[in-house]
Amino acid sequence: MPIISPSMLSADFLNLGAEIDMINESDADWFHLDVMDGRFVPNITFGMPIISAMKKRARKPFDVHLMIVEPEKYFEAFAKAGADILSVHIEVSPHLHRNLQAIKALGMKAGVAVNPHTPIAMLSDVISDIDVVCLMSVNPGFGGQKFIDQTIHKIRQLKQMISECGAHTLIEIDGGVTLDNAHTIIKSGADVLVAGNTVFSSPNPKDTIKSLKEITK
Ligand code: DX5
Ligand code: ZN
């Protein structure tokens, strides 16, 4: 069964407590938290104070996706705020290997997020050091965008790279995941589905999460 990580970017921020309770009670596995700085991506969301407030109520791991420049400046702050998995973008990490070690030294799982234009080959020499690859299936910055079909090819390539290395890296797909395309995504080799719009704009978010969770290869 896939790991389901609902993106809180599409939650109702005025009722964040109730939205967190809903995820707690649902079949979701993680909370996906999108941090944006208005520099790496053309949007700004939330940071440490909101994450630490959410942590008091949430009962599932925090999968924090940093879409910020110079992410290494804030690793410790995100660890303190409650991140369990911390993902940095490869495009803002000239020292990716160092970043991965620094994240793990703080007790978190280390993730690498990859933009749609970035070749999978960029990961080949560090794949065994990565806990989760967050493959962007939209251009990062906003929820509710359309899935980029080329991602399916990248999932297969990445899956092959991981098995050739005997690594245990999880493949997470982020952006435009729907009940219609989720099966193809899982069948291609993905382990984790992020879903914002699909979950939170559905009439019954808990049922939608359940349907995503029940998708099999
Ligand atoms: C986009 C974010 C995604 C986004 C996904 O930059 O990284 O996590 O919230 O939203 P949906 O599922 O609506 O495409
Ligand atoms: Zn994300």
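The values are calculated or read from the model by the stated rules, or taken from the named source; none is laboratory data. These numbers were taken from a predicted model, which means no experiment stands behind them. Note: ideal-geometry Cβ built from the backbone for every residue, glycine included; neighbour counts use all protein chains shown. To get the accessible areas, we keep the full protein, side chains included, count just its heavy atoms, and leave off ligands, DNA and RNA. Shrake-Rupley method; radii C 1.70, N 1.55, O 1.52, S 1.80 Å.
Here is how the numbers come out for the structure above:
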{"quantity": "Net charge of neighbours whose Cβ lies under 12 Å from the Cβ of Lys109, counting Lys and Arg as +1 and Asp and Glu as -1", "calculated": "-4"}
{"quantity": "Radius of gyration and Dmax over the Cα atoms of region 3-213, both given in Å", "calculated": "15.8, 46"}
{"quantity": "Extension gain from His168 to Ala121, taking 0.36 nm per residue of separation minus the Cα-Cα distance", "calculated": "15.2 nm"}
{"quantity": "Area of Thr216 that stays accessible when all protein chains are in place (1.4 Å probe, Å², to 10)", "calculated": "90 Å²"}
{"quantity": "Region 3-213 - percent of accessible surface contributed by carbon and sulfur, probe 1.4 Å", "calculated": "52 percent"}
{"quantity": "1.4 Å probe accessible area per residue over the chain, in Å²", "calculated": "45 Å²"}
{"quantity": "Stretchable slack from Asp207 to Glu72, in nm (0.36 nm times residue separation minus alpha-carbon distance)", "calculated": "44.9 nm"}
{"quantity": "Surface/4 of the Cα convex hull for region 152-214, nm²", "calculated": "4.3 nm²"}
{"quantity": "Sequence-distant aspartates and glutamates (8 or more away, or on other chains) whose Cα lies within less than 12 Å of Lys56", "calculated": "Asp21"}
{"quantity": "Charge tally in the Cβ shell below 12 Å around Phe40, where Lys, Arg are +1 and Asp, Glu are -1, Phe40 excluded", "calculated": "-3"}
{"quantity": "Residues Gln150 and Ala53, FRET efficiency given R0 of 41 Å [Cβ-Cβ distance, rounded to 0.05]", "calculated": "0.65"}
{"quantity": "P(r) of region 1-94 over all Cα-Cα pairs, binned every 5 Å from zero, in whole percent", "calculated": "3, 13, 25, 25, 18, 10, 4, 1"}
{"quantity": "Alpha carbon convex hull of region 92-159, volume per residue in cubic angstrom", "calculated": "100 Å³"}
